[in-house]
1. Quote to one decimal, in nm, the extra length available between residue 239 and residue 165 on full extension: 0.36 nm per residue of separation minus the C-alpha distance between them.
2. To the nearest Å, what is the center-to-center distance of the stretch 1-78 and the stretch 104-180, using C-alpha atoms only?
3. Can you give the relative contact order of the stretch 135-238 as a percent, counting alpha carbon pairs under 8 Å and 6+ residues apart?
4. With unit charges on the beta carbon (Lys/Arg positive, Asp/Glu negative), name the residue among 126, 228, 69 whose Cα is farthest towards the positive pole of the charge dipole of the chain.
5. Could you go through the stretch 13-18 in sequence order and give the Karplus-derived ³J(HN,Hα) for each residue, using 6.51 cos²θ - 1.76 cosθ + 1.60 with θ = phi - 60°, rounded to whole Hz, and x for Gly and Pro?
6. For residue 31, what residues show an amide H to amide H distance below 5 Å, using hydrogens built from the backbone and excluding near sequence neighbours?
7. Give me the number: length gained by fully extending residue 102 to residue 69, i.e. 0.36 nm times residue separation minus the C-alpha to C-alpha distance, one decimal in nm.
8. Could you work out how far apart the two model spin labels at residue 153 and residue 174 are, taking each label as a point 7 Å from the Cα in the direction of the beta carbon, and quote it in nm?
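All of the numbers you see were taken from the coordinates with simple rules; none came from a lab. Quantities reported herein were computed from a predicted structural model and do not represent experimental measurements. So basically every Cβ, Gly included, is an ideal-geometry build from the backbone, and we count neighbours across all protein chains shown.
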Amino acid sequence: VASVRSLALVLRTWDVFESSTVAHLFTRELGKVSGLAKGARRLKSPMQGGLDVLGVSDIVLLHKASDALDLIIEAAPVERFEALRRDLAALYAGYYVAELLSELTDFHDPHPRLFDAATVTLRHLGEPGLRPLRVFRFELACLRELGLMPALDRCAHCGAEVEARGASFSFGLSTGGVLCPACRPGVPHVATLDGSSLAAIRALASPGPLWKGLDLPPAARAPIRATLGAVLSHAIGRRPRLLPYLGA
Ligand SMILES: [Zn+2]
């Protein structure tokens, strides 16, 4: 069996046996993996600190065939996100990042760009003013990288251009994004978005630093929070556990 080395974000861990740990990792090279780290909790384990939740580690993994757990044979801490230790709001946002990766990705389905988006997000959760926007950006990165991105510019049904002007827009939560007035009737699970919220979601979804110029006070963030939360809940099949702790 060949071993694989990868950077990995530790999503969750469980103590097993006397001194071992099972960890869910989101690795850059292999995607989500579930691994057994034998003796990881021994006092002098070389993996000390390498399996701390929400840390990034350099891991070496032995991939087992079939449905057996992979073996984690090395785990060395590489990056700690200090803001998560001193700021509860940042910690909840960090757990939310881990929950989305855990719930939305499949085992052994790599998404390196999503790994990079997660680490950038975790690095910046200590900035209270930008934190909600960072979380929106990460949610949109998940949707984009996993092929779940809702249509924002054109009607999800007919492809007609939908301009983000005017009072309100229909946003199909299960049909993949904005709907033109002609396609709206009869579609279930439709939310209503005002024009400025739709324009803000477009800016947040765009590459580049455009989103940093957004002026989004809490009242302006609430409809975006509700829409992205609903889209992700639909994708996961239930409401993310950490969603209520994010605030708007
Ligand atoms: Zn249409």
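1. 23.6 nm
2. Value for the Cα centre distance between the two parts: 29 Å.
3. Relative CO of the stretch 135-238 lands at 27 percent.
4. It is 126, whose Cα lies furthest towards the positive end.
5. 9, 10, 6, 9, 6, 7
6. Residues meeting the criterion, in which the H sits 1.01 Å from N, are 111.
7. Taking 0.36 nm per residue and subtracting the Cα distance, the gain is 10.3 nm.
8. Going by the 7 Å Cα→Cβ label model, 2.9 nm.
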